[in-house]
Amino acid sequence: MASAKYIFVTGGVTSSLGKGIISASLAKLLQGRGYSVTIQKLDPYINVDPGTLNPYEHGECYVTNDGAETDLDLGHYERYLNTPTSQANNVTTGRIYQTVINKEREGEFLGKTVQIIPHITDEIKRRVKLLGETGQFEIVITEIGGTVGDIESLPYIEAVRQLKWELGSSALSLHLTLVPYLAASGELKTKPTQHSVKALLELGVQPDILICRADRAISPEIRRKIALFCNVNVNAVIESIDADSIYDVPLLMYKEQLDKVVLNKLKLPLQQEPALEQWKIFLGKLKNPVNEVKIGLVGKYIELKDAYKSIAESFIHAGVANECRVNLEWIHSEKIDQENVASKLSGLNGILVAPGFGDRGIEGKITAIRFARENNIPFLGICLGMQCAVIEFARNVIGWKDAHSTEMNPDSRHPVIDIMEEQKKITRKGGTMRLGEYPCALQKGTRAFNVYGKQKISERHRHRYEFNNKFLKDFEDAGMTASGINPDNNLVEIVELKNHPWFVGVQFHPEYKSTVENPHPLFARFVKAALEKSRNKEIVATE
Ligand code: GLN
């Protein structure tokens, strides 16, 4: 394969303009034209990865097959492209410095002063080229986190400047800006864009393409003005208008011919019109649902919806698979108690209890699960949600009132969830959980087996605690089945209830694997069960 081409995506004016969605949408169009594409995110913070960050700081921590804890934008990349990302697709300033400092200690720079330029910038450039050099990708899109002008993103912009110089027409720079509408003057304003491009120019980077976020259409006249002030062709001033759904953006970018402009600048053939048939069918169903269901998402980061990004997106995919709109009701686990649980949860067609860490809101989660179990409401528990389902069952069905996870109560006489053996010695927090993809064998005849339609699956993990196999027989005797087991170490990965229409808890995170093209079967079947519940129909366990 010829050497890879590189596209750098920067953002200006404000944060949260949607660089991740634009990068994923462009990648989708290029993939649709037959190119192999990957997207990488460079994050300018000092944490080595976002695994140690509280979700309030930075939203969900996404996990790749190879066990990287990453920025949530990688979830968008996978959901759009339907191809897995890896450790190499997310790099932070912390990781860059860690690598350079480790090399310095090993003596690699012996005698030299180690500096931001060239050592840090060289390491950034190496990480950018790494994906291109695998030979797997024709185009590598690198999204630079943060906003141009931030002190912390300076080394990244400098690396982009150097790479553009080295790579010539094999690299281009795409800059995302805001064109705000000022109600007082009744106009869209271009000045913030001009300033943002000027900030980039001061750092030596001339953007080749400008993507202008706006809440209304940008007229040809305004496009010409932006082109004139920013030294770009007028056809490279792309409008990105606010969309109803993030999944509209690839088609909006196609209408603006972003893919054509990019390929022309990179001197690559257009090959074919983007194959977007499946995507359009998905959008058609998304916009024209035949049914509706109401599903409660019980968690403790409810104020910040980004904390459960992949779960929310998985419900969109699963809704489309069932031609129904999933209305998510976000319910704070700290606000659920025995007195109010019925009033809070009884209108729901399904209940999902979210992943999490620590004690806060735990009793609310357990109370919600009891309600789902006793009222035959379809239930899906993910990671901590599964662990809570096990605790609830131990307390209220088996009768061990003090049952708990040792994460919350190390002294419980019934530690039904306990720390994994290999975790006991670990004291360092960063990157030390059980992370990434592990195999799981499904027991024939169980709901889990029916959901997946096969015996061997593999799913992504992020946890330290596990089902305590010492108690497995008691659970099985009382009606909770371990329907999915890791074949290598016997860890229980899935539990389900015999006497309930649809009650499944999974130790892994199915939400990390759901994509537009492949909605995750667990979410799809859970929504189907909720739909049946909403129609008061019998929920069919096996299909
Ligand atoms: N806190 C639990 C554990 O570490 C669950 C983690 C999670 O929900 N991701 O095992």
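Worth pointing out:
- In region 1-88, one over the average inverse separation of all distinct C-alpha pairs is 14.1 Å, which is the Kirkwood hydrodynamic radius.
- All lysines inside 18 Å of Lys454 as judged from Cα atoms, apart from same-chain residues fewer than 8 positions distant: Lys444, Lys513
- Of the GluC sites (Glu not before Pro) found in region 60-128, those that fall in a DSSP loop while having at most 12 other beta-carbon atoms within 10 Å are Glu108.
- Computed over the Cα atoms of region 63-171, the ratio of the radius of gyration to the Kirkwood radius (Rg/Rh) comes to 0.98.
- Proximal aspartates and glutamates to Lys125, defined as alpha-carbon separation beneath 19 angstrom and excluding residues fewer than eight positions away on the same chain: Asp43, Asp49, Glu104, Glu108, Glu133, Glu138, Glu143, Glu152, Glu158, Glu166
- For Lys255 and Asn231, the difference between the fully extended length at 0.36 nm per residue and the C-alpha to C-alpha distance is 6.4 nm.
- Only the Cβ atoms of Lys and Arg (+1) and of Asp and Glu (-1) were treated as charged; on that basis the dipole of region 1-144 about its Cα centre amounts to roughly 480 debye.
- Alpha-carbon radius of gyration plus Dmax, which is the widest Cα pair, for region 94-134 in Å: 10.7, 32
- Electrostatic dipole magnitude of region 110-230 [Cβ: Lys, Arg +1; Asp, Glu -1; Cα centre; debye, to 20]: 300 debye
- q = 0.18 Å⁻¹, region 333-407: log10 I(q)/I(0) [Debye, one scatterer per Cα]: -0.64
- For region 119-277, alpha-carbon Rg relative to the globular expectation (2.2 N^0.38 Å, N residues): 1.10
- Checking every one of the GluC sites (Glu not before Pro) in region 462-530 against DSSP loop status and a limit of 16 other Cβ atoms within 10 Å picks out Glu517.
- Under the convention that each Lys and Arg Cβ holds +1 and each Asp and Glu Cβ holds -1, the size of the dipole of region 219-263 around its Cα centre is about 300 debye.
- Taking N as its residue count, the alpha carbon Rg of region 119-177 over 2.2 N^0.38 Å: 1.13
- Take the Kirkwood radius over Cα pairs of region 253-338, plug it into Stokes-Einstein at 4 °C and 1.567 mPa s, and you get 81 µm²/s for translational diffusion.
- Cα extents of region 352-455 along the three principal axes, largest first (Å): 39, 33, 21
- Most positive-pole-ward Cα, Leu182, Gly146, Leu130, against dipole of region 124-190 from beta carbon charges: Leu130
- Per DSSP, loop trypsin sites (Lys or Arg not before Pro) in region 50-128 with at most 10 further Cβ within 10 Å: Lys112
- Proximal aspartates and glutamates to Lys191, defined as alpha-carbon separation beneath 20 angstrom and excluding residues fewer than eight positions away on the same chain: Asp150, Glu202, Asp208, Asp215, Glu221, Glu239, Asp242
- Across all Cα pairs in region 468-514, the calculated P(r) in 10 Å bins from zero up to the longest distance comes to 25, 52, 22, 2 percent per bin.
- Anisotropy class of region 300-374 from Cα gyration tensor, a/c 1.5 cut: oblate
- Mean silhouette area of region 152-205, derived from the convex hull of its C-alpha atoms and averaged over all directions, reads 4.6 nm².
- Region 414-530, Rg to Rh (Cα coordinates; Rh as Kirkwood inverse mean 1/r): 0.97
- Temperature 20 °C, viscosity 1.002 mPa s: under these conditions the Stokes-Einstein estimate for the chain, based on its Kirkwood radius over C-alpha pairs, is 86 µm² per second.
- Within the accessible area of region 328-369 (1.4 Å probe), percent carbon and sulfur: 48 percent
- Ordering Leu472, Asn486, Asn518 by the projection of their Cα atoms onto the charge dipole of the chain, which places +1 on the Cβ of Lys and Arg and -1 on the Cβ of Asp and Glu, puts Asn518 at the extreme positive end.
- Square roots of 5 times each gyration tensor eigenvalue, C-alpha, region 280-413, largest first, Å: 30, 15, 12
- Entries in Lys473/Lys498; Lys129/Lys164; Lys300/Lys344; Lys129/Lys429; Lys41/Lys112 that, when Cα-Cα distance is taken, lie over 19 Å: Lys129/Lys429; Lys41/Lys112
- Cα lying deepest toward the dipole's positive end in region 208-352, options Ser310, Cys324, Cys230, charges on Cβ: Cys230
- What separates the Cα centres of region 314-336 and region 22-47 is a distance of 27 Å.
- Three principal axis lengths of region 62-124 [C-alpha, angstrom, descending]: 47, 20, 15
The values are calculated or read from the model by the stated rules, or taken from the named source; none is laboratory data. This structure is a prediction, so every number in the text was calculated from the model and none was measured. Ideal geometry is used to build each Cβ from the backbone, glycine not excepted, and the neighbour counts take in all protein chains shown. Note: accessible area is taken over every heavy atom of the protein model, side chains too, but ligands, DNA and RNA are not part of it. Shrake-Rupley method; radii C 1.70, N 1.55, O 1.52, S 1.80 Å.
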